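Heads up: the structure comes next, in structure tokens.
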There are 2 protein chains.
Amino acid sequence: MLDSATSSSGSLQGIRVIDLTRVISGPFCTQILGDHGAEVIKVEPPGRGDIVRSQGNMVNGFSWYFAQFNRNKRSLTLDLRQEEGKAVLSRLLEDADVLVENFRPGVMARMGFSDEVLRERFPHLVVGRINGFGSSGPYRDRPAYDFIAQAMSGFMGVNGHESGEPMRAAPPISDMVASQNLAFGISAALVRRERTGQGDIVETALTNGLISMMGYLAAEYFATGEVPKRTGNDHPMLYPYGLFQASDGEVAIAPSNDTMVERFLGALDMLELLEDERFLDNRRRMDNREALREILDREIARRSVAEWIEHFNEAGVPCGRVYDLHETFEDPQVREQQMALELDQGERGKVPTTGFPVKMSEAPAAIHHPVPELGEHTEEILAALGLAAAERGALRDKGVI
Amino acid sequence: MLDSATSSSGSLQGIRVIDLTRVISGPFCTQILGDHGAEVIKVEPPGRGDIVRSQGNMVNGFSWYFAQFNRNKRSLTLDLRQEEGKAVLSRLLEDADVLVENFRPGVMARMGFSDEVLRERFPHLVVGRINGFGSSGPYRDRPAYDFIAQAMSGFMGVNGHESGEPMRAAPPISDMVASQNLAFGISAALVRRERTGQGDIVETALTNGLISMMGYLAAEYFATGEVPKRTGNDHPMLYPYGLFQASDGEVAIAPSNDTMVERFLGALDMLELLEDERFLDNRRRMDNREALREILDREIARRSVAEWIEHFNEAGVPCGRVYDLHETFEDPQVREQQMALELDQGERGKVPTTGFPVKMSEAPAAIHHPVPELGEHTEEILAALGLAAAERGALRDKGVI
């Protein structure tokens, strides 16, 4: 195991992040930075805070959906519509390394923090932002929603059965991909800042992130001018490959070349199929896919998923069970990799969240802070900023914090 | 536009990457580093090189699939099974900042480059690696395939219709997510190295990356113990939301709260539906989803997708067409954001690839090098390393380069 949940450091130790984001894409990005040691100050509107605090499944009055994206942060309430709130933000930015926001394009400028102002007043700052379609172009002002980004990136259009409708991915994949892109972009800009002292403005968009993930499907379109068809769970160019029906569920089998196909059919004791005129090579197997599928499903239906997984793994055939999330998190490999991590939320109880996908040997990701209550750190952050108790009281009286 | 394809710099300018990876996940990661200014030396086996050079759609004898993942790199051929090849790799690593590999766990150690050796001989080096399941645990030696990672991460199990089978995403999403995770991890480790002088070993796995993307679906499972059901294109908690049938295709509509639902029904001139007992609030709309869907589809079928998109956007309703890849790359917003970039490959012609999802204001990503021919830069790289012409000739005679 490379990770330790008890380490107090991380690759981004000493980096201070002012986090104005809410909902998913921004908070997931700043959580990644926090997991790796950055000090993240989550700035939330007084009163209800990030809207996700009251969404999803609540346990002990605490949103586990919110917990999933907001560990390793401290919370400061601040009304950015009031001048006093903007003044506090300015003071925060003077000592910060990174600012992250996911407002619609133009909102920061209307608050008095345009790109020009940020560059002039905080030249050392790395500014990260996520929006729906990018901050230039005809759709710049449209609101950002994962479902729309999945539709317009071409991602949804290639998923699903050819005879059925286009199919979204259930997780908000465009948000999550944008979070990752921004975490990378901010870190790359920090590498440059360490060398030059200069900040930068880093931006990513839900649509752009998913488009960049289209990979060889985009290459196929560029090369042929033909749009890739939906092929369900079948590989567009290989057979046998895909889901097969065992006696108690589906098994995923992915023999990616002729050697693997021989291993697969050998493990089924059906190597003679490769002498059948219809199945001599991959091209003929593709042409006669349904006939071969019927033969294979009939054999595979004789045994359980567990039996086949063990048998195929012994034979070196890439395979796996189609897990539901319970099976995923109970899997011994997933447990060994600590892909669920329990947060100690005190009176709120123990709250599991997904683990760290990036493992570091010397400076591992770790739980530095549990998920903050709304405004939990307002006093300590403002005091550290040099605001006297009387000033803090005045801000509180005016509803700024 | 933040990006310029003519800039000669980038956030990672001055970072040298030795890239031992092949196929998708590793090459996409190192391409991201190269896009942002790192100098990437792609090390390939003499003869055929990266297997993807001969896969996918070939145009002018050139794989556009390979091009999609290998711009902004130079190519060096090197046989790492021969001692002389290992010696050249050692010399390369002395002057490098980053090493990236996606062999199965243990392969680097058998080549003489175990973690211990790397740490001792190259303490400044950031080592990045991608594998299927992680380098510890019972499945560490199993081969990595996207389809299997989609199955075992729980990702496939939540996609698709409840009545149908689990549904993969067509792009190799676990590879692409792992690439992004590793690009982030390497950059974060470089931030630390700038401050401490110490390298690190950074690792990510196809399964772990996708598990970390399960987001609120994981939170739902953790909170309730129930595994999330497949809901096709429907939102699990909101209605109306999803795909609707216009006269000439599907339109994606995502009203995420009551205000948006009012705008949506107002735009349809059907606000009276909200006074219908069956549709008074979201809970009742969920209970009577099929009845409402029928009413809405009947109305939406009267006009074309294009008419509805214009109409709904005017009304501030989040919506979009389900694009195929041709429509995506022809979209004016996507063009404005330069999400397709043409590489000038000389005699191989002009080759489009997907653009940069991470935009930087001061140090933008750019095309620094087209896609290299196999071994195109072997001579110049080895000469720069101090190998005399006679030494290079001897290596070539022995088939090392």
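Structure data summary
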{"read-out": "Residues (out of contact with any helix residue (DSSP H, G or I) (no Cβ under 7 Å at 6 or more places or on another chain) and more than 16 Å from residue B:18 (Cα to Cα)) located in region B:384-401", "value": "B:386, B:387, B:388, B:389, B:390, B:391, B:393, B:394, B:396, B:397, B:399"}
{"read-out": "Filtered residues of region B:149-188 (kept if out of contact with any helix residue (DSSP H, G or I) (no Cβ under 8 Å at 6 or more places or on another chain), within 7 Å of another protein chain (Cβ to nearest Cβ) and free of Cβ contacts under 8 Å to residues at least 60 places away in the same chain)", "value": "B:165, B:185"}
{"read-out": "Matching residues in region B:120-142 - criterion: being outside any loop (DSSP other than H, G, I, E, B) and either touching a helix residue (DSSP H, G or I) at 6+ places or on another chain (Cβ under 7 Å) or of a type in the set (S, T, N, Q) (or both)", "value": "B:126, B:127, B:128, B:130, B:131"}
{"read-out": "Residues that are in contact with a Phe, Trp or Tyr (Cβ under 6 Å, 6 or more places away or on another chain) and assigned to a loop (DSSP other than H, G, I, E, B), drawn from region A:143-165", "value": "A:154"}
{"read-out": "Some residue of region A:128-137 being over 21 Å from residue A:51 (Cα atoms), among the hydrophobic types (A, V, I, L, M, F, W, C) and either in contact with a strand residue (DSSP E or B) (Cβ under 7 Å, 6 or more places away or on another chain) or within 13 Å of chain B (Cβ to nearest Cβ) (or both)", "value": "yes"}
{"read-out": "Among the candidates A:10, A:26, residue that is at pLDDT 95 or above, part of a helix (DSSP H, G or I) and out of contact with any Phe, Trp or Tyr (no Cβ under 7 Å at 6 or more places or on another chain)", "value": "A:26"}
{"read-out": "Residue check, residue B:220 within 18 Å of residue B:301 (Cα to Cα), charged (D, E, K, R) and either touching an Asp or Glu at 6+ places or on another chain (Cβ under 9 Å) or facing chain A (nearest Cβ under 9 Å) (or both)", "value": "no"}
{"read-out": "Members of region A:208-217 found to be part of a helix (DSSP H, G or I) and at the interface with chain B (Cβ under 7 Å from one of its Cβ atoms), listed by number", "value": "A:208, A:209, A:211, A:212, A:215, A:216, A:217"}
{"read-out": "Qualifying residue in region B:268-290 (condition: touching a Gly at 6+ places or on another chain (Cβ under 9 Å) and over 30 Å from residue A:223 (Cα atoms))", "value": "no"}
{"read-out": "Residue under evaluation residue B:269, criteria (1) in a loop (DSSP other than H, G, I, E, B); (2) surrounded by fewer than 16 Cβ atoms within 10 Å (Cβ to Cβ); (3) modelled with pLDDT under 95, criterion not met", "value": "(3)"}
{"read-out": "Residue in region A:219-240 that is assigned to a helix (DSSP H, G or I) and either closer than 30 Å to residue A:128 by Cα or touching a Leu at 6+ places or on another chain (Cβ under 6 Å) (or both) present", "value": "yes"}
{"read-out": "Candidates A:151, A:170, filtered to the one that is small (Gly, Ala, Ser) and closer than 16 Å to residue B:155 by Cβ", "value": "A:170"}
{"read-out": "Residue in region B:378-401 that is touching a Leu at 6+ places or on another chain (Cβ under 7 Å), closer than 27 Å to residue A:225 by Cα and either touching a residue at least 40 places away in the same chain (Cβ under 8 Å) or facing chain A (nearest Cβ under 8 Å) (or both) present", "value": "no"}
{"read-out": "Residue ranges of strands (runs of 3 or more DSSP E) in region A:292-377 with at least 1 members exposed (fewer than 15 other Cβ atoms within 10 Å of the Cβ)", "value": "A:340-344, A:350-354"}
{"read-out": "Subset tally (residues that are surrounded by fewer than 17 Cβ atoms within 10 Å (Cβ to Cβ) and touching a strand residue (DSSP E or B) at 6+ places or on another chain (Cβ under 9 Å)) for region A:232-266", "value": "2"}
{"read-out": "Hey, residue A:362 under 24 Å from residue B:127 (Cβ atoms), more than 23 Å from the chain's Cα centre (by Cα) and not hydrophobic (A, V, I, L, M, F, W, C) or not", "value": "yes"}
{"read-out": "Enumeration of residues in region A:55-98 that are within 14 Å of chain B (Cβ to nearest Cβ) and either part of a helix (DSSP H, G or I) or surrounded by 21 or more Cβ atoms within 10 Å (Cβ to Cβ) (or both)", "value": "A:63, A:64, A:65, A:66, A:67, A:68, A:69, A:70, A:71, A:72, A:97, A:98"}
{"read-out": "Hits in region A:226-247 - residues which are aromatic (Phe, Trp, Tyr) and facing another protein chain (nearest Cβ under 8 Å)", "value": "A:241"}
{"read-out": "Residue check for residue A:380: surrounded by fewer than 18 Cβ atoms within 10 Å (Cβ to Cβ) and within 30 Å of residue B:193 (Cβ to Cβ)", "value": "no"}
{"read-out": "Hits in region A:248-273 - residues which are acidic (Asp, Glu) and either touching a Cys at 6+ places or on another chain (Cβ under 7 Å) or more than 13 Å from chain B (Cβ to nearest Cβ) (or both)", "value": "A:248, A:258, A:262, A:269, A:272"}
{"read-out": "Subset of region A:189-204 (residues that are touching a residue at least 40 places away in the same chain (Cβ under 8 Å) and either part of a helix (DSSP H, G or I) or more than 7 Å from every other protein chain (Cβ to nearest Cβ) (or both))", "value": "A:189, A:190, A:193, A:197, A:199"}
{"read-out": "Some residue of region B:103-110 being outside any loop (DSSP other than H, G, I, E, B), over 30 Å from residue A:229 (Cα atoms) and touching a Pro at 6+ places or on another chain (Cβ under 9 Å)", "value": "no"}
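The values are calculated or read from the model by the stated rules, or taken from the named source; none is laboratory data. Worth saying up front: this structure is predicted, and the values here are computed from it rather than measured. A quick note on method: Cβ atoms are made from the backbone with ideal geometry, for glycine too, and the neighbour counts reach across all protein chains shown.
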